[in-house]
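Beneath this line is the structure, given in structure tokens, with notes to follow.
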Amino acid sequence: MVVSVVGHGRVLQPPSRASMWRSGFPTPHNYDDDGLNCGGFYRQYTINKGKCGICGDAYDMKPPKSHELGGKYGQGIIVSNFEPEQIFTVTVEITAYHRGYWYFKICPNPKTNRQSCFDKYPVELATGGTNFYPSKGGVYKVKYRLPKGLVCDHCVLQWRYVAGNNWGFCGNGTSGLGCGNQETFGACSDISISENSIDTDARPVKFATASNDISEDLNRILNLLRKVTAKPKYKKTKPKPNQKKNRNHRKPRHDTRPSKRKKV
């Protein structure tokens, strides 16, 4: 017997694909961005044998899944730029607390939907370890360190929140709270990791899309740069008639007074 209690959570910084609109990005609004629970407990564990989409979608959803690249919310917009091995802050909001823990992983290939890519690059807490255990609901700001040697123009930061409020079998003949299968949440954020990053909280344009085309936003910025760097055009004006002569030339002074001559 397993009793399931639903929890909820979202990644606010760097904003996930589902929550980007809350930070002002021009993306579709997902008002259920704190409820990406792999399709629900029954669907995840009974139908999909415990599997989940890389970004919290149901595993059996047809590709591209809603929050994967090419899906409704997976528009490939880079939301944050980091330097290699940088210590950065993640903001997570737990809207309905049900114990458990969360962790982050990174995949340097934004086009893959294989969990094995993320498993190669776990993200460690700045204090060590990978799992963070929230004590209650609310907003958490937690520091992490990027994996050593990882550099990418477009990475995907994956969040997994494994709740711990279900009652299940512990595997040793007993049962208890937090044992057995637990409800799981997911989210994905598009980031880049490169030397001399300008701003860790920038809002760049689309970098990659399913078709790998150059985005309209990028063209817009390039056109703006051309206008800013273009040479100014000066309007030629004809000099006024009184300006044709040398301004420094002074007319001779005519003395109208009668001249004084010496009498002989």
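Of ARG22, ARG99, which residue is under 17 Å from ARG160 (Cβ atoms) and basic (Lys, Arg)?
ARG99
Return the total of residues in segment 81-93 being of a type in the set (S, T, N, Q), part of a strand (DSSP E or B) and in contact with a Lys or Arg (Cβ under 9 Å, 6 or more places away or on another chain). Please lay out each step first, then the result.
Of segment 81-93, the ones of a type in the set (S, T, N, Q) are 81, 86, 89, 91.
Subsequent filtering for residues that are part of a strand (DSSP E or B) retains 81, 89, 91.
Among the residues that remain, those that are also in contact with a Lys or Arg (Cβ under 9 Å, 6 or more places away or on another chain) are: 89, 91.
Selection size over segment 81-93: 2.
Quick check on my filter: what residues within segment 151-176 are among the aromatic types (Phe, Trp, Tyr) and surrounded by fewer than 23 Cβ atoms within 10 Å (Cβ to Cβ)?
Of the residues in segment 151-176, the ones among the aromatic types (Phe, Trp, Tyr) are 159, 161, 167, 169.
Hits for segment 151-176 are TRP167, PHE169.
Restricting the first residue to segment 26-55 and requiring it to be modelled with pLDDT under 95, which pairs with a second residue that is of a type outside the set (Val, Ile, Thr) and part of a helix (DSSP H, G or I) meet a Cβ separation below 7 Å and a spacing of at least six or different chains?
Filtered contacts from segment 26-55: no entries.
The conditions are (1) over 17 Å from the mean Cα position of the chain (by Cα); (2) modelled with pLDDT of 95 or more, and HIS98 fails exactly one of them. Which is it?
If we test HIS98 against (1) over 17 Å from the mean Cα position of the chain (by Cα); (2) modelled with pLDDT of 95 or more, just (2) comes out false.
Select from segment 60-89 the residues that are of a type outside the set (Ser, Thr, Tyr), surrounded by fewer than 22 Cβ atoms within 10 Å (Cβ to Cβ) and either more than 14 Å from CYS155 (Cβ to Cβ) or free of Cβ contacts under 8 Å to residues at least 12 places away in the same chain (or both) and list them in ascending order.
Result: ASP60, MET61, LYS62, PRO63, PRO64, GLY70, GLY71, LYS72, GLN75, ILE87.
Please enumerate the residues belonging to segment 110-134 that are closer than 18 Å to GLU85 by Cα and of a type in the set (Phe, Trp, Tyr).
PHE118, TYR121
Show me the strands (runs of 3 or more DSSP E) found entirely inside segment 94-188 where at least 3 residues are charged (D, E, K, R).
138-145
The values are calculated or read from the model by the stated rules, or taken from the named source; none is laboratory data. Given the structure is predicted, the values throughout are model-derived calculations rather than measurements. When we count neighbours, we look across all protein chains shown, and the Cβ atoms used for this are built from the backbone with ideal geometry, even at glycine.
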